[in-house]
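A short worksheet on the structure shown next.
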Amino acid sequence: MILKTSKFLKMTLVILLLLNVMVDNSVKAQSLKKSPADLVYPLLDAANSRWFYFSSATRPFGMVNLSPDMGLGGTWDSGYRYDMDTINFFSHIHAWQLSGIPVLPTTGEFKGHLGPQVYGSAYSHDKEVVETGYHAVELETYDIKAELTSTTRVGFHRYTYPAKKNKHVLLDLGTLLGPSGTESGFAKQVKKTEIEGYALMEPTRRRPKSTYVYYVIQFDTSFGTMQAWKDGELLGKTKKFEGENGGVYVGFEGEEAQTIQMKVGISYTSIEQARLNIETELPHWDFDRTRKEAYDDWNNWLSKIEIEGGTEKQQSRFYTDLWHALQGRRIISDASGTYCDMTGETPKTKQIPVDTNGKPKFNHYNSDAFWGAQWTINSLWHLVYPEVTEGFVNSMLNMYDDGGMIPRGPAGGNYTYVMTGASSTPFIVSAYMKGIRGFDIEKAYEGMKKNALPGGIMSKSGYEHNTSKGGGLEYYIDKGYVPYPLSNKKYGYHMEGTMQTLEYSYQDWCLAQLAKDLGKQSDYDMFIKRAGNYKNVFDSSIGWMRTKNIDGKWHEPFDILQFHHGFVESNSVQATWFVPHDMQGLFNLMGGKEKAAKTLNQQFHIAHPHNFVSHNFRPDSFVKEQRKRTWLNYGNQPSMQVGFVFNYAGQPWLTQYWTREVVEKIYSDLDPHHGFNGDEDQGLMGSLSVLLKMGIFEMHGGADVKPYYDLGSPLFDKVTIHLNSKYYSGDEFVIETTNNSSKNRYIQSSTLNEKPLEKAWFYHDELVKGGKLLLNMGDKPNKDWGSKVESLPPSMSKE
């Protein structure tokens, strides 16, 4: 009995030890779990895309986006380019039509006056670290380790120089820089540790006026002298430089190895504000502290959505997409709230209203178009970052006060008239409908209505700065469609009548919803009637949207796959589905829900071999001349919504199947040569990817009087959305799946807050109260779930 007890005690001790080890390992595993900021992969698609795409040393929506530049000029093929072998400099602004303040540390004989093609440095990705808020790289030509981080408006540099070499830092005030050249520059030595000045950036086709970028550069180490160059010739020592095609540089004395730190504060209003931005945001010289603060800042923003399940690669891609959704559209106001109004003949410095603590109530922003935002940031920002939405709306209304028009894509305080229509209307309407009310809704309505009438922004085609004819709005109001061709004269870009008609119809529907909610009945009647104008460009004889000339005759001959020619960045077969507000009305034109679903399903099958894209970076096997003759394009905005059309046709299993295919084919790569298969477009495609992986979408863009979410097929086992208590009553909303996998992508049944959900959509107000959506998944479609007529999402028309 004693022996048996002894053995039992030994076995018990062994079991307890094993359990302790298991618990300890579990705790370690939890402690080693990567945070969202750790999972971000900034090098995604870094070999491709545009000037403003790449980010590393920046904050969410940061005025400063500090990173190396390999490509020099142009909207495309510029900025950080992974496959280029030379870093020309580190510049501080990578934004929509904005650039500025390129610097580079060098050693040895100074070559800055010879241009970046000569003074640039070799580097290796093996000696490069790229993280959220931090970038480090060895400049091999100069044997310098360069480290970069930032606050919102200040770039922070740390350069480690080798021993026994001359040490310099140059500022190029004459170089071509992304979308624009440097028209002229000014630099003044304030003291042995500080330089101040400005760069005047040339106008562009899109941004019609020259733009000042003011700067203050401070060093933690005194430099010996400031010297200058102009037109390729060294000018020697100076206390001040002003002019074209030149720059300045400072030298540091001593032969010992040395670490030198540098702050670069920028402003679009004045040198004084650039200095104040430094004093406000970066009063110390602790580089590692700032790097950690940048990391923590990003981690806090990204942690608003928590995911569980999936592979580490899938999680990394998710947070990388979310990272992109929170930048590109950048702050242009100072820490004090001053900003530059460029809507008039001359620049004016103005002040954003401040709160009781003296802090600006919102930021002023620079942004590409909101073209496609109805299916991306409308949903993501409004739900997860409503404070960002509110700031952007107030920024738009601020510009309305200044220039008399709500913009669709401002650059540096300029109107750009980028793309077409009134793309900011769905954004503002959906914000209001979702309870984001910290702005003047009557002013917003006034501005949006003005945009929808002759002389408003709908009257302007892309980049139409001096006239208001290319939008064809008068024809749209009078004839019910925008003709193609509209005129022999090119007033602007994107004069694509059929697509303009489709966009205007949807935007009119959005404005009609707001008019209805505000009790403006006559306006509602006008805009809801105009919302049906899409029917006037549908040709029932071919079953597609078609171009119609000024005399009301269909265009002959007509090629449904021809790119442009009446369709903005798309073709007839892609654009036909651009009737988000009235899917049932479109189905009626196409011969019913079943026929429409069959047609679209065939489009997906045809598009599958080329991965549903047609933009710039296709596989070599995809014949070049066929790239734009495609049936769908998830590499750009016009096709974003098509996967969710099946929900409205009573076949939600096809939405679940095809949206999951899109995720796997397009939004799953994690390397420098792939990622968005086209143009990420300042957070639009990143937001779309995030929403698809969460399994939610908004066909109507959230502009209904009572907004709702369409359901897809979530990628992860669990998604937790942490709600902002200032705007929403709930704490968090959870989307959870069971038995989920690539094969098991079909919803079998669902519950919302433990009550059966028999439809493929649910209301926004149900989500923001907090709760849980549970989706039980399987490998075969449940064709009874969400398919009944009474369960279908709303449309403007009836069957």
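Considering only segment 436-452, I want to know if a residue exists there that is closer than 30 Å to Val768 by Cα, in contact (Cβ under 8 Å) with a residue 60 or more places away in the chain and in a loop (DSSP other than H, G, I, E, B). Yes - at least one qualifying residue is present in segment 436-452. Only residues that are under 21 Å from the mean Cα position of the chain (by Cα) and of a type in the set (Lys, Arg): list them for segment 297-315, please. Hit for segment 297-315 is Lys304, nothing else.
Exactly one residue out of Ile266, Ile217, Ile195 is touching a Phe, Trp or Tyr at 6+ places or on another chain (Cβ under 6 Å) and outside any loop (DSSP other than H, G, I, E, B), and it is Ile266. Remark: pairs (first residue in segment 310-324, among the aromatic types (Phe, Trp, Tyr); second residue assigned to a loop (DSSP other than H, G, I, E, B); Cβ separation under 8 Å; 6+ apart in sequence or on different chains) = Phe318/Gly310; Phe318/Leu715; Phe318/Phe716; Tyr319/Val40; Trp323/Val40; Trp323/Pro42; Trp323/Ser55; Trp323/Thr132. Does segment 127-139 contain at least one residue that is part of a loop (DSSP other than H, G, I, E, B), touching a strand residue (DSSP E or B) at 6+ places or on another chain (Cβ under 7 Å), open to solvent by 10 Å² or more (accessible area, probe 1.4 Å) and of a type in the set (D, E, K, R)? Looking through segment 127-139, none of the residues is part of a loop (DSSP other than H, G, I, E, B), touching a strand residue (DSSP E or B) at 6+ places or on another chain (Cβ under 7 Å), open to solvent by 10 Å² or more (accessible area, probe 1.4 Å) and of a type in the set (D, E, K, R).
Taken as a whole, the structure places Thr75 among residues that are of a type in the set (Val, Ile, Thr) and open to solvent by 10 Å² or more (accessible area, probe 1.4 Å).
Checking Pro756, Pro794, Pro781 one by one, the residue that is of a type outside the set (Val, Ile, Thr), free of Cβ contacts under 8 Å to residues at least 60 places away in the same chain and closer than 28 Å to Pro580 by Cβ is Pro756 and no other.
For beta carbons closer than 6 Å, sequence separation of 6+ or different chains, a first residue in segment 340-356 that is within 17 Å of Pro407 (Cα to Cα) and a second that is assigned to a loop (DSSP other than H, G, I, E, B) and among the β-branched types (Val, Ile, Thr), the qualifying pairs are Cys340/Thr269.
Applying the condition of being aliphatic (A, V, I, L, M) and part of a loop (DSSP other than H, G, I, E, B) to segment 705-760 and asking which residue is nearest to Val429 (Cα to Cα) yields Val705.
Within segment 334-365, the set of residues being of a type in the set (S, T, N, Q) and either surrounded by 17 or more Cβ atoms within 10 Å (Cβ to Cβ) or not in a strand (DSSP E or B) (or both) comprises Ser336, Thr338, Thr343, Thr346, Thr356, Asn357, Asn363.
Residues that are in contact (Cβ under 8 Å) with a residue 40 or more places away in the chain, open to solvent by 40 Å² or more (accessible area, probe 1.4 Å) and farther than 21 Å from Thr58 by Cα within segment 255-282 comprise Glu255, Glu256, Ala257, Thr259, listed in sequence order. Within segment 309-330, restricting attention to residues that are open to solvent by less than 10 Å² (accessible area, probe 1.4 Å) and not in a helix (DSSP H, G or I), which residue is nearest to Leu39 (Cα to Cα)? Among residues in segment 309-330 that are open to solvent by less than 10 Å² (accessible area, probe 1.4 Å) and not in a helix (DSSP H, G or I), the one nearest to Leu39 (Cα to Cα) is Leu326.
Residues in segment 461-480 that are in contact (Cβ under 8 Å) with a residue 40 or more places away in the chain and open to solvent by less than 10 Å² (accessible area, probe 1.4 Å) were compared, and the one that is nearest to Met342 (Cα to Cα) is Glu464. Within segment 720-749, the set of residues being open to solvent by 20 Å² or more (accessible area, probe 1.4 Å) and hydroxyl-bearing (Ser, Thr, Tyr) comprises Ser725, Tyr727, Ser729, Thr738, Ser741, Ser742, Tyr746, Ser749. One residue stands out in segment 140-167 among those that are charged (D, E, K, R) and buried (at least 24 other Cβ atoms within 10 Å of the Cβ): the one that is nearest to the chain's Cα centre (by Cα), namely Arg153.
A count restricted to segment 366-376 and to residues that are under 14 Å from Ser687 (Cβ atoms) and not in a loop (DSSP other than H, G, I, E, B) stands at 3. Applying a threshold of 7 Å to beta carbon distances and a minimum spacing of six or more residues, or different chains, the list of pairs starting in segment 513-534 at a residue that is on the phi < 0 side of the Ramachandran plot and ending at one that is of a type in the set (Asp, Glu) and surrounded by fewer than 19 Cβ atoms within 10 Å (Cβ to Cβ) reads Ala515/Asp523. Based on this model, can you work out whether Ser570 counts as surrounded by 22 or more Cβ atoms within 10 Å (Cβ to Cβ) and in a loop (DSSP other than H, G, I, E, B)? Against the criterion (surrounded by 22 or more Cβ atoms within 10 Å (Cβ to Cβ) and in a loop (DSSP other than H, G, I, E, B)), Ser570 qualifies. Would you check if there is a residue in segment 601-622 being modelled with pLDDT of 95 or more, among the hydrophobic types (A, V, I, L, M, F, W, C) and surrounded by fewer than 23 Cβ atoms within 10 Å (Cβ to Cβ)? Yes, because at least one residue in segment 601-622 is modelled with pLDDT of 95 or more, among the hydrophobic types (A, V, I, L, M, F, W, C) and surrounded by fewer than 23 Cβ atoms within 10 Å (Cβ to Cβ).
The values are calculated or read from the model by the stated rules, or taken from the named source; none is laboratory data. Quick caveat: nothing in here was measured; it's all calculated off a predicted structure. All Cβ positions, glycine included, derive from the backbone under ideal geometry; neighbour counts span all protein chains shown. Only protein heavy atoms, including side chains, enter the accessible area calculation; ligands, DNA and RNA are left aside. Shrake-Rupley method; radii C 1.70, N 1.55, O 1.52, S 1.80 Å.
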